Each structure stands twice: as structure tokens, then as C-alpha cells.
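The values are calculated or read from the model by the stated rules, or taken from the named source; none is laboratory data. Model, not experiment: these values are computed from the prediction. Methodologically, a virtual Cβ is constructed for each residue, glycine included, from the backbone with ideal geometry; neighbour enumeration extends over all protein chains shown.
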Amino acid sequence: MSTIDQYAVFGHPINHSKSPRIHTLFAEQTQQQLVYTAQDVPAESFDNAISIFFAQGGKGLNCTVPLKELAWQRADTLSERAKFSKAVNTLVLQKDGNLFGDNTDGIGLVTDLTINHNISLENKRILILGAGGASRGIIGPIMQKSPTHIVIANRTVEKAITLSQEFSQLGNITGCSYDEIKNSEFDIILNATSASLTGELPPLSSNLLANNGTCYDLAYSNDPTAFVKWGMDNGAAKSLDGLGMLIEQAAEAFFIWRDVRPETKDIIALLNSERN
Ligand code: NDP
């Protein structure tokens, strides 16, 4: 068993993950001794891989696609935000041997929008595209910032409706099809579909974005994603991708594990410079 604290991200596929780089930069910056690796773990191997990882001295784990719901099921205790989201991206081994599960995706997005980009969510009309795991993770933290309302639009409309019902006690939220929003207007549009990963776009009408509005794609890539381009073409004051969210959710996980909060500004600038 290694004496240096072990952390990892599990996912499938995982070879392009930026998380080992980000956490290594955090560790250097905060002078923490740790190792962070990426492991390719398909869903069917998750239970076994997690048992081995923690038996061999693992301290904390990130889980990404397609493992967040399995991690939620596997956690012994959950944060409030993870309970609601039914998805866990951060696990920590506690002193009593229990696994605590949290979801830092939502706070990562909100920090990137509100702090890094100075975009307030208060009294804003917010459209979320997609009703998968990422949407589940971000709705609660967005609601805490008091938007006027949230509309979730999804290709499979039933999923959008179910999701909106699960969060309805937190505020004004509805779920619908893309067709139903075609005459609506929003201040902020968040793309939480995985369409950008294949260069696709959900069916969006050109009048959806209000003057001075913001577009934000949770996906990120070296070149502008299809949705970032759509935002630019449709008059967005800012059209952003999810690299900042990725780094901010990682910072929150690092804080949960190490009780030290890394500075993200320089690391966002560094990773941004590497893709220019
Ligand atoms: P899921 O697989 O859970 O959900 C995917 C969603 O995208 C579903 O709602 C699906 O609709 C929709 N979708 C997929 N393809 C299309 C398409 N061509 N047109 C319209 N809708 C489509 O994925 P996640 O929620 O886990 O992830 C979503 C995105 O968020 C990914 O790009 C991921 O990389 C990103 N992400 C980024 C993070 C960051 O830190 N920056 C953190 C977490 C996620 P349907 O239900 O009809 O199938």
C-alpha cells in the first residue's frame, strides 16, 4: 500500500480526462502530497474497481460518465445537493470507513458563471437544454441563486417533465419539448445535452436568446463547440464553454478531500492558453 494519498477519476471513456492534470496543479499550488490518476472503468466493473481502490489506500474518487448514478447508489451518506441530484461525482473515504458522496458539478457551474464571468442568475429566465445527469447536478445550485424561472427542454420530453417535478419544491421550474419553447425568450441558455460531443445541436429557434443574453455549453473542446458557435451567431453577449466549470467542480472536490481551497484563476488561464 502506497504511503502517498491516492485519488482518481473513474469513467468510461477516460483517456482524454483533464482531471489528473488539474488536481496535480492544485496539489503543487497548495503543497499537498497526493497522486491523482485516471482509470478506465466501465459501469459493469464499477463496484469491483471501487472496492479495490479504497482497499488499496484510496482516499477520494471522482466519477464521471457513465458512473455518477452508480456512485450515488454506492455512497453510504450523501450531501444535500447529492441527495437531490441523484448523481455523485465526488466520493470521500471517511474515518469510520463509510463513503460520503457529493456532487460538485452545480457549484462548479455557478462559480464559473457568477464569479469568473460576473453573470448574475438572479431574476433571470434560464433555459436548460437536456435532462440527463449534468442537468440533475446543476438545477439545485442554480435555484439557490433565485432565477425568475427555469425551463428544461429535452428531446425525450418525459425526462424533462419528471426532472422538473423532482425539483419543483425549490422554485419555478417546468419541463417541456423543444417545440414548446420556440416562441419563448431566455436570458441564459445552458446546454447540458451531450450533443456538442458529436458536433450536433438541439433544435433551437433563432429568437430564443434575449438581448445581451448568455450561452454556456457544459461541454468543452479546443475549438468552439456547436452550441458556443450558435450563441455567437445568435447575438450572445457571452458564449462560453464548460472548461471553467470543469476546473471549479474539481476545486470544490479538492476542498472536500483536503480542506484546502485551490486558487482557480491561474489554472483556468493556463488551460485556456493551451487550447489557443
Ligand atoms: P447524459 O448522457 O446523462 O444526458 C445527455 C442529454 O443530452 C440527454 O438529455 C439527451 O437527450 C441529450 N442529447 C444527447 N444528444 C442529443 C442531441 N443530438 N440533440 C438533443 N439532445 C441530445 O449526459 P450528462 O448529462 O452526464 O452530460 C451532458 C453534457 O454535460 C456532456 O457534454 C458532458 O461532457 C457535460 N458535462 C460537463 C461538465 C463540466 O465540468 N464541464 C460536468 C458534467 C457534464 P435524451 O434524454 O432525449 O436522450
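Numbers for the structure displayed
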| item | result |
| --- | --- |
| Options Ser164, Ser184, Ser194: the member that is within 14 Å of the ligand (Cβ to nearest atom) and under 25 Å from Lys238 (Cα atoms) | Ser194 |
| Candidate set from segment 215-256 (those that are closer than 14 Å to Phe186 by Cα and crowded, with 24+ Cβ neighbours inside 10 Å); member that is nearest to the ligand (Cβ to nearest atom) | Tyr216 |
| Strands (runs of 3 or more DSSP E) wholly inside segment 10-129 that include at least 2 residues being more than 12 Å from the ligand (Cβ to nearest atom) and over 30 Å from Pro203 (Cα atoms) | 34-40, 58-63, 90-93, 99-102 |
| Some residue of segment 230-250 being under 30 Å from Ile4 (Cα atoms) and acidic (Asp, Glu) | yes |
| Checklist (1) in contact with a Leu (Cβ under 9 Å, 6 or more places away or on another chain); (2) acidic (Asp, Glu); (3) over 18 Å from Ala253 (Cβ atoms) applied to Asp112, failing item | (3) |
| Close pairs (6 angstrom Cβ cut-off, 6 or more residues apart or separate chains): within 22 Å of Met143 (Cα to Cα) and modelled with pLDDT of 95 or more in segment 175-200, more than 10 Å from the ligand (Cβ to nearest atom) and part of a helix (DSSP H, G or I) anywhere | Gly175/Ile161; Gly175/Ser164 |
